[in-house]
Amino acid sequence: MITDVLLFIVFFVLLLLMAWPLGRYMAKVYSGERTMFDTIFLPMEKTLYRLAGIDGAQEMNWRQYAGGLLIFNILGMAAVVAIQELQAILPWNPEGLAAVPFDLAFNTAASFMTNTNWQAYSGETTMSYFTQMAALTVQNFLSAATGMAVAVALVRGLTRKNTKHIGNFWSDMVRSIIWILLPLSIVVSMLFMQQGVIQNLSPYVTVDTLEGGQQTIAMGPVASQEAIKELGTNGGGFFNTNSAHPFENPTPLTNLVQVLSIFLIPTGMVFMFGNMVKDRRQGYAILAAMLLLFSVSLGGLYASEIYGNPITGHGLSEPTNMEGKDMRFGTNGSALFAAVTTAASCGAVNTMHDSLTPLGGMVPMLQMMLGEVVIGGVGAGLYGMMMFIMLTVFVVGLMVGRTPEYLGKKIEANEMKMAIIAILIPAVTVLFGSAISVITEAGLAGLNNTGPHGLSEILYAFASAAGNNGSAFAGLSANTLYYNLMIAVGVLIGRFGVIIPVLAIAGSLAEKRVSPPGPGTFPTTGSLFVLLLAGIVVMVGALTFLPALSLGPIIEHLLMLQGMTF
Amino acid sequence: MWKQITSALRLLILLTVVTGIAYPLAMTGVAQAIFPEQANGSLVYVNDKPTGSILLGQNFTTAKYFHSRPSSAGTDGYDAAGSSGSNLGPTSKKLVDTVKDNIEKVRSENQLEESVSIPSDLVMASASGLDPDISPEAAYLQVNRIANERGISENEVRRLVTSHVQVRQLGFLGAERVNVLALNMALDRLASK
Amino acid sequence: MGTNSNGFNKKILITACREALYKLNPKVQVRNPVMFIVLIGSLLTTGFVLRDAFQGSAGNTTFALQITVWLWFTVLFANFAEAIAEGRGKAQAQALRQTRTQTQAKKIIHDKPQVVEAASLRKGDIVLVEPGDLIPSDGEVIEGMATVDESAVTGESAPVIRESGGDKSSVTGGTRVLSDWIKVAVTANPGETFLDRMISLVEGAKRQKTPNEIALTILLVGLTIVFLAAVATLYPYANYSGVSISITVLVALLVCLIPTTIGGLLSAIGIAGMDRLLKRNVLAMSGRAVEAAGDVDVLLLDKTGTITLGNRMATEFIPAAGVSMEALADAAQIASLADETPEGRSIVVLAKQKYNLRERDLTTLEAEFIPFSAHTRMSGVNLKDKVIRKGSVDAIQKYVREKGSELPENVKFACEGIAKSGGTPLVVTEGSKVLGAIHLKDVIKGGIKERFKELRQMGIKTVMITGDNPLTAAAIAAEAGVDDFMAEATPEGKLALIREYQEKGMLVAMTGDGTNDAPALAQADVGVAMNSGTQAAKEAGNMVDLDSNPTKLIEIVEIGKQLLMTRGSLTTFSIANDVAKYFAIIPALFSVAYPAFGVFNIMRLSTPESAILSAVIFNALIIIALVPLALRGVAYQPLGADIILRRNLIIYGLGGLVAPFLGIKLIDILLVALHLV
């Protein structure tokens, strides 16, 4: 218990210690200021621009920015589909894996392009090394960079005035990758390799086991993908069981590095925001709201797992709920990972969420339903939270008798419309996607569990899709034509249904003038604001999903206490 | 518009080369040079033949070996090319029945009293289906059986287990555990002495 | 108008009830999306009730009927709230309309007046208005002078003077000439006159949603869509879980969750805000201006009339060396006897009060009064034996120098002192002999300093605008407690100042009355024109103060803030209410299939039916209960944003969480007691 709490404290401390300087660094990178790595990265960046025929200094309005983003992402998705279809004739396929069925390839491409990394496939039996590298690893970088670019564009909208320009999409992409994601990935993958994460292009190894049986051991270039999987909050595992697989996450130390990597950039981006708006307290306030929500989530999840399952727990010694958990992580390392991965829209798992206790499983679900703003994905967390800030500032700001404003920018009908759309679209997608699935045969066919837990599996799937998380109550057999298409549509809506309104807000904010703060303006730095922001996030999420959750995890919990099974 | 598409395409190809080819290949090169053992799966050898990976669990069903956790990887468990958890929910009848059966099995195999509570890791499936570890309690619980099967003293086996207990990494990370493959290999060595 | 303050008289209530029914028209309802959903829900449940009545049903028909009835009441209550807010304006419009009916005009055609219908007058026509006539349309006096009764528009019974030229040339259609005659050039076409605009404003006929109202409506629509999705999808989820829920109950849940409280009161809040302004005799030309008033960062206030009493007063005599106080006072009084300016009068009064010098009759003194001229910048009297002059320091210095004399050092010194303290020195001289100085002082209005302090607490910066020199201006600014001042102000300077503040992102409000204020009034975000001012000023501003009281700006700001605060508070209240409603309805929905859900019935409501019904009834009644608050507005105190926020959060946020728990429980007890469930 004490070591458990110690782990959580160490996690928070290390996170803040690393994210704070990263935030300053990222602010410099995106503002084009000098950094200590200029001599290495500037030439790389310039070379890329020259080869691609891009002028990285040309400013774009929000429509041009969104246009570039959409084109780039659509092409990226097409490339992922193409590589999967052609993998049989492409190199680095020692196991001779065949072309991926089209619906699964489409689902995978949509999912990786949107930073969701929902995996309806099992990596070791479906994807060649070339596909893992040139298609999936690439999108791990690109989708993360896309999210970061959008967040930066929004911050620019907040800080600039009387302009239509919100930056250059190509430059934001290239800088995100060259200056931030790639160097961090190299460092983290080295750490992983030292601890035992594999990195090779060898064929699978078959061994005679100690007892005389045979075991075929899957191989591959895992470490390089593992690093960006966490750093980019992507979450797409090399193997089926993701970060539970010992080759992806061999030790408790790698487990800690993984959870830290997941939170590092999203947290750093909040610090970056404070630096870029020239008022660090603005960033601290947002982070405080995020960490407050996260602490409650983590506490709830951990407590529920420690409490365990009274039905199966009979005759067992503590901890009683080891189903779906690997020994080396312990309950603390498992609970921390589950809370982190769903707070941050990562979706990597070291624990089978399907086997968590009902309330323990509700926490990840709820974090995704809240819109992935409890830390959130790289960039996506910050811009998602900004939508809730608009909402908070609007409702609460009115109460002080002024037209609501944030950082001196008036929040008016246009911002309100776009913020509402960005919040509404994922929520409605979850509700209707799940509703369609519970009334269709194709939807119900995939269930691994019945009773309330079955509803939870479906709710979780769509919450994961619309929140671009990618983790699953993996009992749901999602590799069917129905789910491949439904989830693919869900992830696309959940991604661009938010990004486009966010960029529209960035554009409209950039055009506004900035009112100086005074004693009559609603302060967005104090503890009151932190509580209100967290409160609004919870209220919106809870009010939207409470009826659905009541029939899923909540009733399952009550029935579990009564000893009922399905 | 057309300009944007060509720019996007060129940038996509360039970044694919950088992040999808150059980066993983460079890391593979580095790994093979600096961490060749880990990079190739931390394989362990018996008589110079690879017998598994120290990081991956194996099936142990015979009474003379310490048993691993139940596994849902592949049809027989511990399929290292098909990792998987059971994904059974907390109110799943199947889960409840399986755990009950497993408890019965552990009790009868190790001739335990009804009153002895069983460590849950020994009767519940792991997340990966490849969990190399069991809890020290789960290992100690099998000492009696192993000693009887192998005709070694209980104390010796117990000492062996104790020497294989991995403490928490850095003192607070993860849980105490015993690597079953390592333990069983040591057991074989002990027996062959 | 607007002076009758009795809010709910019987007539307005009856009219409002009737209006509430008329407003059921879907064309009206669709303007308010939240209530439109309730209307559709009501129609839906009515359909089910009717079907059950004709076909007979296994379900609980009385329960469905009661739900339906209360859903209709929800719609009606919201309509009623809007109708009652409109009621007062409508009554005022009625009164105004009567003054407009069948006015006739004497139009000048070829120099001859001809009687025509007022409605036929066009811009540029010239009309003659004689005693007893109603002025037929808005216009400028081009000839003559008359006393005019403007009570129909301003409510002020004292007649005012209107004359050609200057700042008193504008007349309003519908007002009545009492004496003398004037020729008026018409400045408005029919339907565009001030009176017409006023009628349409108070009636709310042309009421458009204001920017903030639109933004809030978007938020409410968003919430409505989310809840619509949550409730619509609950049906298949319940189906999966083996729980059966009737459509009637789902509609009841939906209506409880969507923000009907703020949705039903939103337009009433807006109308009431305009109405509160009207009650203070301010006509806002748009709701947008009222909202902007709440955001004002900088107030530009004219010194004269706003910060100081209109005129300077003599407060002190300072004799030159070797001159007695009495001699100075006596000379000053004589020189001012014929001076009818307030400053002149104040000198006479001061001499009388301080030195007991009685007023003397100029004729007996055989004095010749020399009025102030722009050329000499002096005034005074010529007596038989002496010549007395008073004037500014410069003017008298020039005057005595021509006579070979100089200002005595102590007078010079005294004058500098007076100027530094913000006063105006006047020097009195008898021939070439300077007698001393008079201290004319700007008198700051009582209580104004406290008002500025309040404004500062509200976060509003006050800037005094004056034509005085910087030294004088600084002294008055310090005494009045304004944050900043602009001395030697010119119309161009004012305009530039406003632009400068706006450039920094601030919202500027100002008052003005003269034609040369018009550009600044138009530039300001909130421009309040005095009704006594020129037509050009009134056209340029976005509000008109019928009382012509420049301090009104402060009240306007408060009303603007109140308007926004009321919206925010009721939105918060409305959303906070949902928590309790969930606790009432969710256990009721599921506890039949899953008795375990009973643990969430923390209010211990007696049956599922009573729980749902209680929530619906509470939801309807809370609209009516909050009508007075919507009309009155949330109380505003000039405090920092942080404190206001905390207070309103406790009252409306926390209150919104707790109140429905109590209310729903109470209704449940009543329903059981009355055997309605």
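Any read-out appearing in this document is the output of simple, stated calculations on the displayed coordinates, not a laboratory observation. Remember, predicted model here, so these are calculated numbers, not experimental data. We place every Cβ from the backbone using ideal geometry, glycine too, and count neighbours over all the protein chains shown.
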Next item on the list: Can you tell me the order of A:546-555, C:127-136, C:222-231 when each peptide is scored by its average per-residue count of other Cβ atoms within 10 angstrom, highest first?
Entry: A:546-555, C:222-231, C:127-136
Checklist line | Options A:ALA19, A:GLY401, A:PRO553, ranked by Cα towards positive dipole end of the protein assembly as shown, top entry (Cβ charges) | finding: A:GLY401
Item checked: Which of C:CYS256, A:CYS346, C:CYS17 has the fewest Cβ neighbours within 10 Å, and the rest in rising order -> C:CYS17, C:CYS256, A:CYS346
Item checked: Alpha-carbon centroids, the stretch C:410-462 and the stretch C:97-152: separation in whole Å -> 45 Å
Checklist line | Square roots of five times the Cα gyration tensor eigenvalues for chain C, Å | finding: 67, 30, 18
Next item on the list: Might you report the magnitude of the Cβ-based charge dipole of the stretch C:122-189 about its Cα centre, with Lys and Arg at +1 and Asp and Glu at -1, to the nearest 20 debye?
Entry: 180 debye
Notebook entry, point to check: Along the stretch C:119-127, what does the Karplus equation 6.51 cos²θ - 1.76 cosθ + 1.60 (θ = phi - 60°) give for ³J(HN,Hα), rounded to whole Hz, x for Gly and Pro?
Noted result: 5, 8, 6, 10, 3, x, 5, 10, 10
Next item on the list: Mind ranking C:577-585, C:495-503, A:335-343, A:59-67 by how tightly packed they are, going by the mean number of other C-beta atoms within 10 angstrom, highest first?
Entry: A:335-343, C:577-585, A:59-67, C:495-503
Note to self: Please arrange C:SER169, C:SER164, C:SER179, B:SER128 by how many other C-beta atoms lie within 10 Å of their C-beta, fewest to most.
What the structure shows: C:SER179, C:SER164, C:SER169, B:SER128
Notebook entry, point to check: Within 10 Å of each Cβ of A:44-57, how many other protein chain Cβ atoms are there on average?
Noted result: 3
Checklist line | Cα-projected label distance for B:ASN155 with C:HIS675, points at 7 Å along beta-carbon direction, nm | finding: 8.6 nm
Next item on the list: For the stretch B:41-192, build the charge dipole from Cβ charges (+1 Lys, Arg; -1 Asp, Glu) around the Cα centre, then report which of B:SER84, B:PRO50, B:LEU160 sits farthest towards its positive end.
Entry: B:PRO50
Margin query: Explain nothing, just the number: relative contact order of chain C, from Cα pairs under 8 Å at least 6 residues apart, as a whole percent.
Written below: 14 percent
Notebook entry, point to check: Which of the listed residues, C:ALA314, C:ALA593, C:LEU671, is farthest toward the dipole's positive end in chain C, when Lys, Arg count +1 and Asp, Glu count -1 at the beta-carbon?
Noted result: C:ALA593
Check: Over all pairs of distinct alpha carbons, what does the Kirkwood formula give as the hydrodynamic radius of the stretch B:41-192, in Å?
Finding: 16.1 Å
Note to self: Relative contact order of the stretch C:122-189, please, whole-number percent, based on alpha carbon pairs below 8 angstrom and at least 6 residues apart.
What the structure shows: 52 percent
Margin query: To check you understand DSSP bridge types, tell me what percent of the beta bridges within chain C (both residues inside) are antiparallel, rounded to 5.
Written below: 75 percent
Note to self: For a 29 Å ceiling on Cα separation, which of these pairs sit above it: C:LYS168/C:LYS303; A:LYS164/C:LYS27; C:LYS209/C:LYS665; A:LYS161/C:LYS449?
What the structure shows: A:LYS164/C:LYS27; C:LYS209/C:LYS665; A:LYS161/C:LYS449
Check: Going by the alpha-carbon gyration tensor, a ≥ b ≥ c the square roots of its eigenvalues, is the stretch A:2-278 rounded (a/c under 1.5) or, if a/c is not under 1.5, prolate (a/b greater than b/c) versus oblate?
Finding: oblate
Checklist line | Debye, to nearest 20: dipole size of chain C, +1 on Lys, Arg Cβ, -1 on Asp, Glu Cβ | finding: 1700 debye
Notebook entry, point to check: Out of every Cα-Cα pair in the protein assembly as shown, what percent are more than 43 Å apart?
Noted result: 57 percent
Margin query: Checking the a/c ratio against 1.5 first, then a/b against b/c, what shape does the Cα gyration tensor give for chain A?
Written below: oblate
Check: Per residue of A:218-227, what is the mean number of Cβ atoms on other protein chains within 10 angstrom of that residue's Cβ?
Finding: 5
Check: Alpha carbon centre of the stretch B:1-65 versus the stretch C:19-96: separation in Å?
Finding: 67 Å
Next item on the list: From the P(r) of the stretch C:122-189, can you give the percent of Cα pairs sitting at distances over 19 Å?
Entry: 19 percent
Checklist line | Prolate/oblate/rounded label for the stretch A:237-350 (Cα gyration tensor, a/c 1.5) | finding: oblate
Checklist line | Normalised contact order of the stretch B:41-192, rounded percent, pairs of Cα under 8 Å and 6 or more residues apart | finding: 25 percent
Next item on the list: Over the whole of C:220-231, what's the average partner chain Cβ count within 10 Å per residue? Rounded to a whole number, please.
Entry: 5
Note to self: If you take every residue apart from A:LEU359 with its C-beta less than 11 Å away from the C-beta of A:LEU359, what net charge results, scoring Lys and Arg +1 and Asp and Glu -1?
What the structure shows: -2
Note to self: About the Cα centre, and with charges only on the beta carbon of Lys, Arg (+1) and Asp, Glu (-1), how big is the dipole of the stretch B:41-192? Nearest 20 debye, please.
What the structure shows: 140 debye
Checklist line | Helix-only mean residue ellipticity at 222 nm for chain A, each DSSP H run of n ≥ 4 adding -39500 (n - 2.57), per residue, nearest 500 | finding: -20500 deg cm²/dmol
Check: What residues have an amide H closer than 5 Å to that of B:VAL44, excluding those fewer than 5 places away on the same chain, when H is modeled at 1.01 Å from N in the peptide plane?
Finding: B:THR51, B:GLY52, B:SER53, B:ILE54
Check: When a footprinting reagent is the concern and you count Cβ atoms within 10 Å, what order do C:GLU86, A:GLU226 take, fewest first?
Finding: C:GLU86, A:GLU226
Item checked: Bridge type composition, the protein assembly as shown - antiparallel percent by DSSP, nearest 5 -> 80 percent
Check: Between C:TRP181 and C:GLU326, what FRET efficiency comes out of the Förster formula 1/(1 + (r/R0)^6) with R0 = 60 Å and r the beta carbon distance, rounded to 0.05?
Finding: 0.75
